[in-house]
Protein chains: 2
Amino acid sequence: MRLVVARCQIDYAGRLTAHLPMATRVLMLKADGSVLVHSDGGSYKPLNWMSPPCTLREGTTDEGQVEWTVTSRATSKGPDDTLRILIDEIHHDTQHELGIDPGLQKDGVEKHLQELLAEHPTTLAPGLTLVRREYPTAIGPVDLMCRDANGESVAVEVKRRGEIDGVEQLTRYLELLNRDPLLRPVRGIFAAQEIKPQARVLAGDRGIMCATVDYDALRGLDNADDRLF
Amino acid sequence: MRLVVARCQIDYAGRLTAHLPMATRVLMLKADGSVLVHSDGGSYKPLNWMSPPCTLREGTTDEGQVEWTVTSRATSKGPDDTLRILIDEIHHDTQHELGIDPGLQKDGVEKHLQELLAEHPTTLAPGLTLVRREYPTAIGPVDLMCRDANGESVAVEVKRRGEIDGVEQLTRYLELLNRDPLLRPVRGIFAAQEIKPQARVLAGDRGIMCATVDYDALRGLDNADDRLF
DNA sequence: ATTTAGATTTCGGCG
DNA sequence: CGCCGAAGTCTAAAT
């Protein structure tokens, strides 16, 4: 990892073209050849960057300025990209050995939400029981297939954030499932930690029930269960 | 901007929980209080981070190790987040004045594609003429509203990458537009630089035509036009 | 290898 | 200020 602070001007050409006027920025040059250009603000996203695999070549302009050219080969996904960094002045330049990172361990994403709801289906609707998780269909798996108090089928789509696409997805499942005479009628529940108003409206329009899920409360239920055994 | 290279262990708790075992990493501390944790690989996304606004507080553990705690307040968007960085050894620690960045200038995104197609609708279908761009409807603007050689209405949805949600979006527009006796029948064209197979199948199933757009060729047409005048 | 769905998505525009 | 759509999205799992 090489860390450079420099006054520079940057031009990118590839999937789009972008330009950064001359200013002082941080350049992060990683071991795999990738390059990140950061300013002193914004979020985690760099102003500009080059994804690996790519190669950096150092050159000199006609005016005698240092110029770095970072290039990647054209792949099936996109055209060949070029990042041109024209360096006016280097304020800082250091090299560091970091080694391979052991990697990130995550917990609390959609999969966990689905697991918790599978164990506590009654939090979605009274009398609901689980038939199976990841119920397979021709167009993909339904997150939770359940049965309600009347013995009728209920398909549940779980999302961390409930938006229109999720409602569309559940609608496609319901359309398909309701063609099966052994299952029908199948109704739907759209479950998410947070449901956007537009998604709620669309769901209502299609007779789909919305359920807001409290992740912490579910986790609490789960821990309570654990203590019983 | 403060750049730190250190052996550290990191724990994040907020929208999810995440853990990074002890290893050497780069810590980028920006002027707005945000923190980025980078390893020597991966893409532009940090292993872990904290978005502004947030505050960093330095402390010491019972074992005498330095500990940084970065916290942000709970907002309407999410709960309060905490990033705990336990520092084992600092290899490098420098401070740099960067100033405000003049910002990025982009060119070549969906808006541009839409503009080019608006000027050259016949590349989508022979005899097609533009009625208007961003044609307003109750559920949002249709990218391009056109008329074909027979004088019938054609709604065009423009995407850089054509996926299922784009087809769903166009379907919703068509359903609404076809309720209008003055417009109907309205057919649809789904235009994108690249169309995914599943999106193509769904479009075909709904009688929507797909058009793959060559951005460079369109830009060429545009330049040719310019030269005529 | 290709495709698809999820993300601590972030970012910008408009009402 | 909140909602909505686009992104050089990236990434990991499934096909």
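The values are calculated or read from the model by the stated rules, or taken from the named source; none is laboratory data. Note that the coordinates shown come from a computational prediction; the quantities given were computed from them, not determined experimentally. Methodologically, a virtual Cβ is constructed for each residue, glycine included, from the backbone with ideal geometry; neighbour enumeration extends over all protein chains shown.
How many residues are away from DNA strand C (no atom under 16 Å from the Cβ), surrounded by fewer than 22 Cβ atoms within 10 Å (Cβ to Cβ) and at negative phi when one looks only at region A:31-50?
Residues that pass the stated criteria total 2.
Is it the case that some residue within region B:81-92 is out of contact with any Phe, Trp or Tyr (no Cβ under 9 Å at 6 or more places or on another chain) and facing chain A (nearest Cβ under 9 Å)?
yes
Please go through (1) in contact with a strand residue (DSSP E or B) (Cβ under 8 Å, 6 or more places away or on another chain); (2) within 15 Å of DNA strand D (Cβ to nearest atom) for B:GLU152 and return the number of the only condition it doesn't satisfy.
Unmet condition: (2).
So, in region B:1-56, of the ones that are more than 7 Å from chain A (Cβ to nearest Cβ), charged (D, E, K, R) and in a strand (DSSP E or B), which residue ends up nearest to DNA strand D (Cβ to nearest atom)?
In this case the residue turns out to be B:ASP11.
State all residues of region B:176-187 that are within 16 Å of B:GLY140 (Cα to Cα) and either at pLDDT 95 or above or loosely packed, with under 13 Cβ neighbours inside 10 Å (or both); if no residue qualifies, say none.
B:ARG179, B:ASP180
May I ask you to list the residues in region A:100-150 that are among the small types (Gly, Ala, Ser) and modelled with pLDDT under 90?
If the condition is that a residue be among the small types (Gly, Ala, Ser) and modelled with pLDDT under 90, then A:GLY103, A:GLY108, A:ALA138, A:GLY140 are the ones that fit.
Which of (1) closer than 28 Å to B:MET209 by Cβ; (2) in contact (Cβ under 8 Å) with a residue 40 or more places away in the chain; (3) among the hydroxyl-bearing types (Ser, Thr, Tyr) is the odd one out, the single condition B:THR82 does not satisfy?
Evaluating B:THR82 over (1) closer than 28 Å to B:MET209 by Cβ; (2) in contact (Cβ under 8 Å) with a residue 40 or more places away in the chain; (3) among the hydroxyl-bearing types (Ser, Thr, Tyr) leaves (1) as the failure.
Picking from B:ARG160, B:ARG200, which residue would you name as being free of Cβ contacts under 8 Å to residues at least 60 places away in the same chain and not in a helix (DSSP H, G or I)?
Just a single option satisfies the conditions, and that option is B:ARG160.
Before we move on, is A:GLU115 free of Cβ contacts under 8 Å to residues at least 40 places away in the same chain, assigned to a helix (DSSP H, G or I) and within 16 Å of DNA strand C (Cβ to nearest atom)?
For A:GLU115, the condition - free of Cβ contacts under 8 Å to residues at least 40 places away in the same chain, assigned to a helix (DSSP H, G or I) and within 16 Å of DNA strand C (Cβ to nearest atom) - is met.
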